[in-house]
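A short write-up of the structure that comes next.
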Amino acid sequence: MSDNFSRPQHTAPLTPILQLVNSAPIVLVAFFAIGLSWWFLLIGVIFLVVGGFGYWASWQRRFFWLNEEGELEARSGILFRRSRQLRISRLQSVDILRPPVARLLGYSSLKIEVAGSGDSRVILSYLSVGKAQELRSEILALAKDERTSTQSAEPADHWKWQVPNGRLVASLVLTTSTYFLIIGAVASVAFALVEPGSGLVTLALAVGGSTISLIAGITSLFNFSVGRNDRGIAISHGLFTTAHYTVSPIRIQAICVVQPIAWRPFGWYQVAINVAGADQSSKKSGPRVLIPVVHEDALPELFHELLPSWNLEIEDEWLASAATSRWRFPWQAARLAVSLTSDLFVVRSGALTRRLSAAPHERIQSIRITQGPWERKLGISSLHADSVPGPVRLRGRGLASSVAVHTALAELDRMFTARKSRKSEQW
Amino acid sequence: MTIAELFSAGSTDWLRVNPKLRTYWHTLIALTTVPLLTVAAIVIAISEGVPVVRFIGIASMIAIMIFAIWAWVLVTRRVRSIGYRLESRELKVSSGIMFRRVVSVPFARMQLVEVSAGPLERAFSLASVQLHTASASTDATIPGLDPERAAEIRDALASHSATAGL
């Protein structure tokens, strides 16, 4: 282990300037509020001097280092001193974040998160890209040392797969926005029939709204790559702010293979995941998508590389929904079904957007059966297998009540035995 | 047969909660309804000559009353619908009149058992036990327990999860 980071040190000297540039929008707001005048110049100068000095002073008092107890120690604060120690042995993730301005100048932030509630993360801004990577691999090596006591170098990808950006954009265009556009177009035609001329406004609103959400989706998932290294599955994506995640395969609690209707002619699929330990309060902190879009021909290879223990082949037959369930789920009744394989609880659902969701028995937290009044009339119930928070929900709906109960009891049996018999996966 | 009975292999002997929970929930309903009705009454009183505001005041007063009476009447059935069973490897909780649900939590999946009693609950000497797993949607809460019973359940769950082995 090099002792590069064992002495207290500052973040990059350019930090105050980058922070100043990041808060420049305040100046823009002032510009629009009072226009270009002496007052504006005065405020601008005050901002530069006071803000610049403030950022410089706080940078001066901010140190971080890896101490001898195997902790990342971070001190900051001018008036109120703050010192934090993050136990590297309880490391959850080290992510390199690259906000736009810093990125242009070759700087990045490093986000370090450890297990624990509340104050369990530190964001170091800014470090040169090389230094951030160096610190990241050192922290990862430390974490690995403490866990397995084996020395390891820079994590090399054994295997990597990249989503072509063209296909990513096309796939996103064919999901959210199309539906909004169709609804918007229908609404605007309807309005135009009632009152000529008013349709334009609704059309503009629909187009504007769907475009914004589309751009947000594209920029967040741009340059998506997923790979495998010594520490698990490495996911990185993003155009302006790049996010990197390293997820140990054990932390993947549930998956869902999704196909919106507009993807069907192209044979595209998406794979969403629930990851354990992702912060429950903010949705952004963990990866939610393992594979944003993939052609069905490549799907088996990706499963083989990334999710080798997830065998979605149905062994017994599907337990289909009851015939009466079409009065409750008119479109998807024929698709609704559950199945228990030796490893997984599997749910099939969705008529327009087809879904195949699965979770290993030992990672299901609890089993619920629910029944509303209308379902009771039809003699059906819903069977829920509760997973950690995330995009994947396992709900077997429209099952005949007796089937739901028997399946629940069978699933409980497997949940009891699964943890004992299955050894945890090694990677 | 209800799903709860199906779920416990035809057995109807689920453990019930303390009937005092009825009085507690009735008090809660009264405590929330009275201030709302007072506000509505004040609005009606001071809106002399403004028909729109007056109408809204009267309409919301009627809505509040209907809602309160409906909730009041259903309390007895709601309390009776709550049942729980401590099985050998899991806890089962059932509840609901219109929207029924049963949940089963294996002891091995428990992360935290929480016994809570708010000020009003304490006045009725009641407590609730809530089970947390890694999933946010587990929702296994038993309200309306005697504090001693709640402590018993907590200890039983704690010892079970220790033996169940994570």
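The values are calculated or read from the model by the stated rules, or taken from the named source; none is laboratory data. Since the structure is predicted, the reported quantities are computational estimates derived from the model, not experimental observations. Reconstructed Cβ throughout: ideal geometry from the backbone, glycine too, with neighbour counts over all protein chains shown. Please note that ligands, DNA and RNA were not included when accessible areas were found on the heavy atoms of the full protein model with its side chains. Shrake-Rupley method; radii C 1.70, N 1.55, O 1.52, S 1.80 Å.
Compared with the dominant Cα axis of chain B, that is its longest principal axis, helix B:147-164 is turned about 40°.
Chains B and A together bury some 2200 Å² of accessible area, summed over both sides, with a 1.4 Å probe.
In the full protein context, the protein assembly as shown carries 51 Å² of accessible surface per residue, based on a 1.4 Å probe and ignoring ligands, DNA and RNA.
Contact order, relative form, for chain A: 10 percent (alpha carbon pairs under 8 Å, 6 or more residues apart, mean separation divided by residue count).
What is the percent carbon and sulfur in the accessible area of segment A:250-422, measuring with a 1.4 Å probe over the protein chains and ignoring ligands? After summing per-atom areas, the C and S share lands at 53 percent. Counted by Cβ distance under 13 Å from A:L174, the other residues give a net charge of +2, where Lys and Arg count +1 and Asp and Glu count -1. Once the partner protein chains are put back, segment B:121-159 shows a loss of at least 40 square angstrom of accessible area, versus the chain by itself, at B:A134, B:S135, B:S137 (probe 1.4 Å, ligands and nucleic acids excluded).
Full extension of the chain between A:D145 and A:W38 yields a length gain of 32.5 nm, computed as 0.36 nm times the residue separation minus the alpha carbon distance. Between B:E148 and A:V21, what FRET efficiency follows from the Cβ-Cβ distance if R0 is 56 Å, with the result rounded to 0.05? Calculated transfer efficiency: 0.35.
A simple charge model with +1 on the Cβ of Lys and Arg, -1 on the Cβ of Asp and Glu and nothing else charged puts the dipole of segment A:294-337 at about 580 debye relative to its Cα centre. Helix A:178-194 versus the longest principal axis of chain A: what is the Cα-based angle in degrees, 0 to 90, to the nearest 10? With both axes taken from Cα atoms, the answer is about 80 degrees.
Of the residues A:L127, A:L319, B:P119, the one whose Cα sits farthest toward the positive end of the charge dipole of the protein assembly as shown, with +1 on the Cβ of Lys and Arg and -1 on the Cβ of Asp and Glu, is B:P119.
For a straight C-alpha distance cut-off of 12 angstrom, the aspartates and glutamates reachable from A:K160 (same-chain residues fewer than eight places away being disregarded) are A:E301, A:E305.
Within the listed set A:S23, A:S321, A:S342, the Gaussian network model of chain A (springs between alpha-carbon atoms below 10 Å) gives the highest mean-square fluctuation for A:S23. Comparing mean-square fluctuations of A:A216, A:A254, A:A192 from a GNM of chain A with C-alpha springs under 10 Å, the top value falls on A:A192. Nonpolar atom fraction for segment B:1-97, defined as the carbon and sulfur part of the 1.4 Å probe accessible area, stands at 72 percent. Bridging of A:K131 to aspartates and glutamates at a Cα separation below 15 Å is possible for A:D3, A:D95, A:E154, once same-chain residues fewer than 8 apart are set aside. Of all the options B:F107, B:F99, B:F55, the one that moves most in a Gaussian network model of chain B with Cα springs shorter than 10 angstrom is B:F99. Placing pseudo-labels 7 Å out from each Cα toward the beta carbon at A:L193 and B:L31 gives an inter-label distance of 5.4 nm. Only aspartates and glutamates eight or more places from B:K92 in sequence, or on another chain, were considered; those with a Cα closer than 17 Å are A:D386, A:E411, A:D413, B:E5, B:D13, B:E114, B:D139, B:E152, B:D155.
What angle, in degrees between 0 and 90 and rounded to the nearest 10, separates the Cα long axis of helix A:199-221 from the longest principal axis of the Cα atoms of chain A? Between the helix axis and the principal axis of chain A, the angle is about 70 degrees.
Based on C-alpha pairs under 8 angstrom that are at least 6 apart in sequence, segment B:76-117 has a relative contact order of 28 percent.
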